[in-house]
1. So if I check each of Arg81, Arg97, which one is without any contact (Cβ under 8 Å) to a residue 24 or more places away in the chain and basic (Lys, Arg)?
2. Need the failing condition index for Ala156 against (1) part of a loop (DSSP other than H, G, I, E, B); (2) among the aliphatic types (A, V, I, L, M); (3) in contact with an Asp or Glu (Cβ under 9 Å, 6 or more places away or on another chain), just the number.
3. Pick out the one residue from Ala27, Ala23, Ala49, Ala37 that is in contact with an Asp or Glu (Cβ under 7 Å, 6 or more places away or on another chain), aliphatic (A, V, I, L, M), modelled with pLDDT of 95 or more and buried (at least 20 other Cβ atoms within 10 Å of the Cβ).
4. Here's a check for you: in the range 206-228, which residue that is modelled with pLDDT of 85 or more and surrounded by 15 or more Cβ atoms within 10 Å (Cβ to Cβ) is farthest from Ala257 (Cα to Cα)?
5. For residues in the range 87-129 being over 17 Å from the mean Cα position of the chain (by Cα), hydrophobic (A, V, I, L, M, F, W, C) and not in a loop (DSSP other than H, G, I, E, B), which is nearest to Ala159 (Cα to Cα)?
6. Taking Ala163 as meeting all but one of (1) farther than 19 Å from Gly256 by Cβ; (2) surrounded by fewer than 17 Cβ atoms within 10 Å (Cβ to Cβ), write down the number of the exception.
7. Limited to the range 61-86, what total is found for residues that are more than 29 Å from Asp108 (Cβ to Cβ) and part of a helix (DSSP H, G or I)?
8. What residue, among those in the range 62-77 that are of a type outside the set (Asp, Glu) and either more than 26 Å from Phe113 (Cα to Cα) or touching a residue at least 40 places away in the same chain (Cβ under 8 Å) (or both), is surrounded by the most Cβ atoms within 10 Å (Cβ to Cβ)?
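The values are calculated or read from the model by the stated rules, or taken from the named source; none is laboratory data. For clarity, every value in this text was computed on a predicted model and none was experimentally measured. Cβ placement follows ideal geometry from the backbone for every residue including glycine, while neighbour counts extend to all protein chains displayed.
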Amino acid sequence: MGQSGIEGSIAVVTGAGQGIGRAVAHALAAEGAVIAAVDRDPDRARAAAAELEQAGRKALGLVADVAEAAEVERLFDGVERDLGPVSLAVNVAGVLRTGAVTDCSDADWAELFAVNATGVFHVSRAAARRMRPRGGGCIITVGSNASGVPRADMAAYGASKAAATLFTKSLGLELAPHGIRCNVVSPGSTDTPMQRSMWSGADGAARTVAGVPERYRVGIPLGRIADPADIADAVCFLASDAARHITMHDLYVDGGATLRA
């Protein structure tokens, strides 16, 4: 059954070149959205749009670095010129750096916040500036369950995602009088290139599901790693009319891994 309220919408999806962003772009397109597939890698952006067009969907592949405010403003100007008024913006673009805080470089900290937090600010601000006069729209940030519970060797990443989460909720409070909903989807371990980069052997998935007690990390009660489509389905729900009375919400999609602490 399709999700009502998505068909015909103009959707900007950042990080659409791979992983969760790609899945979100495909899921929204399947519901009838016109997709601006954004990635900072030109080849990935073009490939994402080509895949959607081959499936009979309307899409543009666009290049922008969400950490750069001017690029984001140009992006939204171009989308509204070429596709129409943006009614849905999904922040998926993100980077991952892991390791002990004592080993974290200034450059890694800066990049994590530039993309994962400041990038969300840039995209959400650009979307809000255009949606507010029209009196409607939806902004969704793909965060992380690492923003809600401590993770060894993920302090900087978790902090950047926590910043993005609280920002999105606060934006939702500001924009609610204008009919604009702002929500967060927080994945746990999901089978993406980013996740696989954290695995050191063939048993990476199994160890993630089982948990790592010596790292103070429980496993995944549902017994499986998420598929990117699981996260995309949650985004589609929050973008749809079925969620018309939901804003400032943080939806965890992690198989119970955080025990919702």
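1. On the way: Arg97 fails: without any contact (Cβ under 8 Å) to a residue 24 or more places away in the chain.
Just one listed residue meets the conditions, Arg81.
2. The number of the failed condition is (1).
3. Within the list Ala27, Ala23, Ala49, Ala37, the selection yields Ala27.
4. The extreme case among them is Pro228.
5. Trp109
6. Of the numbered conditions (1) farther than 19 Å from Gly256 by Cβ; (2) surrounded by fewer than 17 Cβ atoms within 10 Å (Cβ to Cβ), the odd one out for Ala163 is (2).
7. Number of matching residues: 6.
8. So in the range 62-77, the residues of a type outside the set (Asp, Glu) come out as 62-64, 66-67, 69-70, 72, 74-76.
Now restrict to residues that are either more than 26 Å from Phe113 (Cα to Cα) or touching a residue at least 40 places away in the same chain (Cβ under 8 Å) (or both): 64, 66-67, 69, 72, 75-76.
Values: Ala64: 25, Val66: 27, Ala67: 21, Ala69: 16, Val72: 24, Leu75: 24, Phe76: 21.
Filtering the range 62-77 for residues that are of a type outside the set (Asp, Glu) and either more than 26 Å from Phe113 (Cα to Cα) or touching a residue at least 40 places away in the same chain (Cβ under 8 Å) (or both), the one surrounded by the most Cβ atoms within 10 Å (Cβ to Cβ) comes out as Val66.
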